[in-house]
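A.B. asks: Before anything else, here's the structure in question.
Computed from the coordinates by the stated procedures, all read-outs in this text should not be read as laboratory data. Everything quoted here is computed from the prediction, not taken from an experiment. Positions of Cβ are generated from backbone atoms using ideal geometry, with glycine treated the same way; all protein chains shown enter the neighbour counts.
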Amino acid sequence: MRTYLLAAALLAALLSSGFSSVTSAAASPLQNLSDADIGEALAAHNAVRQRVAQAESQRLGSPVVIPDLTWNSDLATYAQEWADQLLSSDPDPDPDRRTFPHHDWGELQALGRGENIYAGWSDGGVPDQSPTAAVTWWDSEQQYYDYDTNTCAADQTCGHFTQLVWSTTTQVGCGQAVRTAAYGTQFVVWVCNYAPAGNIIGERPYDVMTVAQPDVEQQVVDLVNSERQRKFGIDKRDTLPRYCRACEVQHLCHGECPKHRFILTPDGEPGLNYLCPAYRRFFTHVDPAMRAMAELLRNGRPAADIRRRPGAAMS
Ligand code: SF4
């Protein structure tokens, strides 16, 4: 198999043609795409876009968003007419003299459309006519593209790939033509047009999103000082039953969560926490250790030093 790729030209939009020569008959007239071809063309494009977005997000450490393309029938008609035009006659028998040119650059610019072209041929069989073959060929240029410097390796072409993953491009439409030349070689041509056009000079195909880091400390301060939080604290205090207000561990427990205060106190007052016995036991148990740690902190020592005081350590 020999493969060829024409160098892309850069205007406001950079457009490219991909050529693949395959050794392998069946005359086929000009044709339009089936629903299956449309689905495959879209899936092939979007698979590349998702793959690159995911990989680049990981590599660059920030989200890279490359949205899926949707099908545009106007673009498809435009592409189909051009594919038919490209194979309206036999290409040159000499592979080195075959050309599959783009639409007029000025016309594409005026329409705001990008364009990728792929041509494959076979001298002894049927070339792969699937849209995936075209997209795969264009995608293979990724190896030559350097995002960090936004450049393409010397004597290579990257424009098919960069149009493929251009993040502000949202729509695609493709056309395919096939032909068996009089000298026996079979050809397939794919033309895909994109909107809005990618490959804008000086721009990268996608950007790294900067994600604002939340000021967590300020968020906590705002929460504590919020009117809603103040009301919650006041209500929690003012609804304590007498039984809690007289409790020796009330300063630690505070009656716990109001949503759990649905049993009666021993003297019949509503509003006692149904977990009261457990809280009373727990806080009574930890109270000596808490006081000891508070004393350590007041003396400028770490609270963890309590582990060095066997008498105050929790068991
Ligand atoms: S331990 Fe029981 S009585 Fe004491 S404050 Fe907590 S819920 Fe109220």
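A.B. asks: Mind jotting down a quarter of the surface of the convex hull over the alpha carbons of the stretch 206-259, in square nanometres, one decimal?
C.D. replies: 6.1
A.B. asks: Let me know the Rg and Dmax you get for the stretch 161-315 when you use only its Cα atoms, in Å.
C.D. replies: Considering the stretch 161-315 through its Cα atoms, Rg and Dmax are 34.8, 107 Å.
A.B. asks: Quick one: Tyr279, Tyr274, Tyr78, fewest Cβ neighbours within 10 Å first, how do they rank?
C.D. replies: The order, fewest Cβ neighbours first, is Tyr274, Tyr279, Tyr78.
A.B. asks: With only alpha-carbon atoms in the gyration tensor, what are the semi-axes of the equivalent ellipsoid for the stretch 29-115, in Å, largest first?
C.D. replies: 31, 17, 15
A.B. asks: Just how large is the dipole of the stretch 177-315 about the Cα centre, in debye to the nearest 20, putting +1 at every Lys and Arg Cβ and -1 at every Asp and Glu Cβ?
C.D. replies: That gives the stretch 177-315 a dipole magnitude of about 500 debye.
A.B. asks: Looking only at Cβ-Cβ distances, which cysteines of the chain have no other cysteine closer than 4.7 Å?
C.D. replies: Cys244, Cys247, Cys253, Cys257, Cys276 - these cysteines have no disulfide-compatible partner (Cβ-Cβ under 4.7 Å) in the chain.
A.B. asks: Could you line up His102, His45 from fewest to most neighbouring Cβ atoms inside 10 Å?
C.D. replies: Sorted ascending by nearby Cβ count, the order is His102, His45.
A.B. asks: May I ask for the Rg/Rh ratio of the stretch 234-315, computed from Cα atoms with Rh as the Kirkwood radius, given to two decimals?
C.D. replies: 1.10
A.B. asks: In the chain, if the dipole is taken from +1 on Lys/Arg beta carbons and -1 on Asp/Glu beta carbons about the Cα centre, which of Gly271, Leu75, Leu42 is farthest to the positive end?
C.D. replies: Final value for the positive-end residue is Gly271.
A.B. asks: Can you tell me the dipole magnitude for the chain around its Cα centre, using point charges on the Cβ only (Lys, Arg +1; Asp, Glu -1), in Debye to the nearest 20?
C.D. replies: The dipole magnitude comes to about 2840 debye.
A.B. asks: Counting other beta carbons within 10 Å of each residue's own, what order do Phe282, Phe100 fall into, fewest first?
C.D. replies: So the residues, fewest neighbours to most, are Phe282, Phe100.
A.B. asks: Additional query: Looking at Pro196, Asn32, Val216, which one has the Cα that reaches farthest to the positive end of the dipole of the chain (charges on Cβ: Lys, Arg +1; Asp, Glu -1)?
C.D. replies: The one lying farthest along the dipole's positive direction is Val216.
A.B. asks: Taking every alpha carbon pair in the stretch 33-191, what does the distance histogram look like in 10 angstrom bins from 0, in percent?
C.D. replies: 10, 37, 35, 15, 3, 0
A.B. asks: Which value results when the Cα radius of gyration for the chain is divided by 2.2 N^0.38 Å?
C.D. replies: Compared with the compact-globule rule of thumb, the chain sits at 1.82.
A.B. asks: Just the Cα atoms of the stretch 80-156, one point each, no solvent: what log10 I(q)/I(0) does Debye give at q = 0.12, 0.23, 0.27 Å⁻¹?
C.D. replies: -0.49, -1.31, -1.31
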